[in-house]
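Working notes, beginning with the structure itself.
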Amino acid sequence: MTAIINLLPKGTVLPDEPLSRHTTYGIGGPAEVFARPANQQELADLLRFAFAEGLPVHFIGSGSNCLVSDAGVAGLVISLAGALKAFQMNSGAIVAEAGVMLGHMVRRCLNEGLTGMESLVGVPGTVGGALIMNAGAFGGEISTYLQQVRVLTSKGEEKIYRRADLVFSYRHSSFKPDEIIIAAEFHFPMGSADKISTRRRRASAERKARQPLKFRSAGSVFKNPSADLAAGRLIDQAGLKGTRRGDAEISIKHANFILNHHRATAEDVAFLVKLAARTIKQQFGVQLELEIRTLGFPPQYWEEAGLGS
Ligand SMILES: Cc1cc2nc3c(=O)[nH]c(=O)nc-3n(C[C@H](O)[C@H](O)[C@H](O)COP(=O)(O)OP(=O)(O)OC[C@H]3O[C@@H](n4cnc5c(N)ncnc54)[C@H](O)[C@@H]3O)c2cc1C
């Protein structure tokens, strides 16, 4: 433990850091070791150390799509939120490090009249997390104008993926789970100012109208089973809106959001997640799939509800 803490400058590597401080849910027990490296060199040093020691490694961005267990996470949790934030823009070509906030990239594109990101306005998170999730909204996806991505392998070695090497689909990407994204390059085309502005305003208005943005959440819990079958609609039809467990609630405004009203635990949220999945399977014969990523739960924890995570 001391060896890894002393590997990087003071304050970069923390033992027993509560992950509730690093998730939008505000939920999550401690990471055995938590690190926020300031640059690629520090990140590579951490990865090499963990690899040599056989320490399990997990990545998070800003934790806006994560449910972390109350017991916390064994091993090393590396966060790039607030780190690796370099952003270069040259006409439509953008190189963003993985810790750049997605909202920053959206704003910069809007300011320059570039199209492709305007419907992602309001999606929280980092560029790294957005690429892993292939974040998208109202018809736009982050992968559309992607050119290439730089990652570090579990041994701290740099590798480049060209767009053609990668597969993206609805909330899915083909990145290897033990590789961490450090930067990405995009080429956005110029768009019509009117069309960009209309799409941005529509996306923003729909988000405010449909989503319970005043409460802590991790966005949509489940993927939509298909383009014309929304998970939220099924949960609503099953009569589960407003169901509570402790301080967690299936949102009345949007049934695919499970909210933390204040003091919800991961156990409370997970109870409602499993209840919704089991009920939808029983009532409609549809097996829901998690969109949120879960950390620190034993694999069998989700199996009873058919949710392999
Ligand atoms: C109110 C609200 C609304 C939302 N609306 C939307 C929406 O409209 N559309 C949408 O797609 N999502 C939405 N989300 C979910 C979330 O914002 C996105 O999934 C976002 O892209 C996650 O980014 P993050 O940095 O927070 O990633 P995290 O939640 O921290 O991590 C997500 C996954 O990416 C991995 N990861 C993170 N960074 C890296 C990295 N650098 N290298 C390798 N792996 C990494 C993590 O291990 C994890 O598996 C919403 C969330 C909230 C709270």
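No lab work stands behind these numbers, since they all come straight from the coordinates. Since the model is a prediction, treat every value here as computed from it, not as a measurement.
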Table column - 3J(HN,Hα) (Hz), region 18-33, Karplus curve with 6.51, -1.76, 1.60, x for Gly and Pro: x, 6, 4, 6, 10, 10, 5, 5, x, 10, x, x, x, 7, 3, 9
Helical segments meeting 24 Å axial Cα length and Kyte-Doolittle -0.5 threshold in the chain (DSSP H): 266-284
Sum of -39500 (n - 2.57) over DSSP H runs of 4+, divided by residues of the chain (222 nm, nearest 500): -8000 deg cm²/dmol
Length added when fully stretched, Y301-R21, from 0.36 nm per residue minus Cα-Cα: 98.4 nm
Selected from A81, A218, A71 as most flexible by GNM, with the chain as the system and alpha-carbon contacts under 10 Å: A71
Max mean-square fluctuation residue, GNM over the chain, Cα-Cα springs under 10 Å, options H22, H58, H261: H261
